[in-house]
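First the structure, in the form of structure tokens, and then the observations on it.
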Amino acid sequence: MFISVLELFKIGIGPSSSHTLGPMVAANDFIKRINNLKITDLNLKKYFIRCTLKGSLAFTGKGHSTDQAVALGLHGHLPGSLTDRDVADTVKQIWQSTHICIDKHLSISFNPDNDIIFDKGAPLLEHPNGMVFELIGHDNRTIYSETYFSIGGGFINTLAEISQLQAPLKMQSSSSYKYPFDSANSMLQMAKESHFSIAQMKQVNELEDLTQSVLFEGMNRIWQSMQICLEKGLKSEGKLPGGLGVSRRAKDLYQSLKNNPVNANINDWLCAYAMAVNEENAAGNMVVTAPTNGAAGVIPAVLYYYMTHENGTQKQVLEFLLTASAIGGLIKHRSSISGAEVGCQGEVGSAAAMAAAGLCAVRGGTPQQVENAAEIALEHHLGMTCDPVNGLVQVPCIERNGFGAIKAYTAASLALRGSGVHFMPLDNCIAAMKQTGLEMSHKYKETSLGGLAVSITEC
């Protein structure tokens, strides 16, 4: 398996990688497929497009802006192209439209309020995040249809692809890469034989497909975007959208720490940084998927703390991101990073493991210590549910990222105090996470049907 650092970390918008970014990419792909059909029927204006959201997308799609994402994608937008736009204004214009322009001469009817269906019946068997797009003819006959699955982190598979894959994943074969590790065990063995660090092996693999300038520029852009998002969150105030009335807290927390740094500890700073990112995500603003939007604050918080408080270098940023992405790729390959599939252990747990590995590496950890750090962080997220209140990525998601960052920092520190020899291998921990997710009730996997999501007393 191989997944690039530039694919695992994606610049886009909030609030959800699986419920916003994935559906937008799927809708954009569907409209391109329609365009390629080259339909010549003179009654094309009587055709319309329908999207049926299934499973978790149906249950929490409203809170995660899935309907807006679908409409944006059908109108030709992609997550990366919206980072500098007023998304709310763009959505408003789309909701006032009744047609999608295919080209200069052709348009198809699409009314978001009527043509996006939240089907809360049985989910599709292949994955809990399913969506069916249809082109319906003037005689109410389906002219063309495609089924997509949003598998976490903004990645999508079609029905044909997901039925052919085991994970389900769409990744490059490892055969053409010099260090084709597909497990933590093989990663450590290759590091031992090559005398390379995990980041060095990952970089060699990346350079099979990319030039060094493209790779480094891409990672620098990822880090710059993380900083912009985090620092914007530290300056913003007010209530978050969605109806819960949740107020932003990162700015006040950050200011109190700056005003009284003597009484500030690592946990305080990490929470301020992580919450700043996830408040931006909850507001639908620019964020870096790391490895998901719901867990987007963990890695930036840990890396920002290291750079700001421990005088990290730009070279170490690259080492951090390469190491983190190697661990994230293993987790995605051997389990899942989708909250709808395995719960929040797959989102914040994965992000914490990645951050712990990255921090351990830049602080001089051996490959064995890095693997240990990732395992410690993931182990202490096992069983974590995904139960967002009102389907919004706010409660408990924002604070949860702060605690994920704290666990990541602690895991790296613990691993660095040891020799790298430890009882539970990372591969086994990833397997336990996958099995726990399989046995977890669907109520606790991003459907808002259990846990905190139903524990609110309405006055």
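The values are calculated or read from the model by the stated rules, or taken from the named source; none is laboratory data. These numbers come from a predicted model, not from an experiment. Note: ideal-geometry Cβ built from the backbone for every residue, glycine included; neighbour counts use all protein chains shown.
I'd like the full set of residues that are outside any helix (DSSP H, G or I) and over 27 Å from the mean Cα position of the chain (by Cα), limited to region 238-271. Break it down into steps so the answer makes sense when it comes.
Going through region 238-271, the residues outside any helix (DSSP H, G or I) turn out to be 238-249, 260, 264-265.
Result: Asn260, Ala264, Asn265.
Please determine whether any residue of region 238-246 is touching a Cys at 6+ places or on another chain (Cβ under 9 Å), in the same structural domain as Glu375 (by TED's automatic domain parsing) and farther than 30 Å from Thr158 by Cβ.
So the first thing to find is which residues in region 238-246 are touching a Cys at 6+ places or on another chain (Cβ under 9 Å), and the list is none.
Looking through region 238-246, none of the residues is touching a Cys at 6+ places or on another chain (Cβ under 9 Å), in the same structural domain as Glu375 (by TED's automatic domain parsing) and farther than 30 Å from Thr158 by Cβ.
Could you tell me whether region 219-237 includes any residue that is more than 21 Å from Gly12 (Cα to Cα), outside any helix (DSSP H, G or I) and in the same structural domain as Cys271 (by TED's automatic domain parsing)?
Step one: list which residues in region 219-237 are more than 21 Å from Gly12 (Cα to Cα), which gives 237.
In the following step, the residues that additionally are outside any helix (DSSP H, G or I) were identified as 237.
Now restrict to residues that are in the same structural domain as Cys271 (by TED's automatic domain parsing): 237.
Within region 219-237 (the criterion being more than 21 Å from Gly12 (Cα to Cα), outside any helix (DSSP H, G or I) and in the same structural domain as Cys271 (by TED's automatic domain parsing)), the answer is yes, since at least one residue qualifies.
Is at least one residue of region 277-290 in contact with a Ser or Thr (Cβ under 6 Å, 6 or more places away or on another chain), in the same structural domain as Gly365 (by TED's automatic domain parsing) and crowded, with 24+ Cβ neighbours inside 10 Å?
The initial filter retains those residues of region 277-290 that are in contact with a Ser or Thr (Cβ under 6 Å, 6 or more places away or on another chain), namely 286, 288-289.
Cutting the leftovers down to in the same structural domain as Gly365 (by TED's automatic domain parsing) gives us 286, 288-289.
Among the residues that remain, those that are also crowded, with 24+ Cβ neighbours inside 10 Å are: 288-289.
Yes, the conditions are met somewhere in region 277-290.
For region 404-437, what are the residues that are without any contact (Cβ under 8 Å) to a residue 40 or more places away in the chain and over 29 Å from Met275 (Cβ atoms)?
Hits for region 404-437 are Phe423, Asn428, Gln435.
Can you find a residue in region 35-51 that is modelled with pLDDT under 95, in contact with a Phe, Trp or Tyr (Cβ under 7 Å, 6 or more places away or on another chain) and buried (at least 22 other Cβ atoms within 10 Å of the Cβ)?
The answer is no; no qualifying residue exists.
Among the residues of region 18-40, which ones are among the polar types (S, T, N, Q) and out of contact with any helix residue (DSSP H, G or I) (no Cβ under 9 Å at 6 or more places or on another chain)? Write out each step before concluding.
The first filter runs over region 18-40 and keeps only residues among the polar types (S, T, N, Q), leaving 18, 20, 28, 35-36, 40.
Once the filter is applied, which keeps residues that are among the polar types (S, T, N, Q) and out of contact with any helix residue (DSSP H, G or I) (no Cβ under 9 Å at 6 or more places or on another chain), region 18-40 yields Asn35, Asn36, Thr40.
With the requirement that a residue be of a type in the set (A, V, I, L, M) and either over 23 Å from Ala58 (Cβ atoms) or in a strand (DSSP E or B) (or both), what does region 110-146 give you?
Taking region 110-146 and keeping what is of a type in the set (A, V, I, L, M), we get 116-117, 122, 124-125, 131-132, 135-136, 143.
Across region 110-146, the qualifying residues are Ile116, Ile117, Met131, Val132, Leu135, Ile136, Ile143.
Being in contact with a helix residue (DSSP H, G or I) (Cβ under 9 Å, 6 or more places away or on another chain), of a type in the set (Gly, Ala, Ser) and either without any contact (Cβ under 8 Å) to a residue 60 or more places away in the chain or within 26 Å of Ser18 (Cβ to Cβ) (or both) is the requirement here; does Ala374 meet it? Full working, then the answer.
On the way: in contact with a helix residue (DSSP H, G or I) (Cβ under 9 Å, 6 or more places away or on another chain): yes; of a type in the set (Gly, Ala, Ser): yes; either without any contact (Cβ under 8 Å) to a residue 60 or more places away in the chain or within 26 Å of Ser18 (Cβ to Cβ) (or both): yes.
It is true that Ala374 is in contact with a helix residue (DSSP H, G or I) (Cβ under 9 Å, 6 or more places away or on another chain), of a type in the set (Gly, Ala, Ser) and either without any contact (Cβ under 8 Å) to a residue 60 or more places away in the chain or within 26 Å of Ser18 (Cβ to Cβ) (or both).
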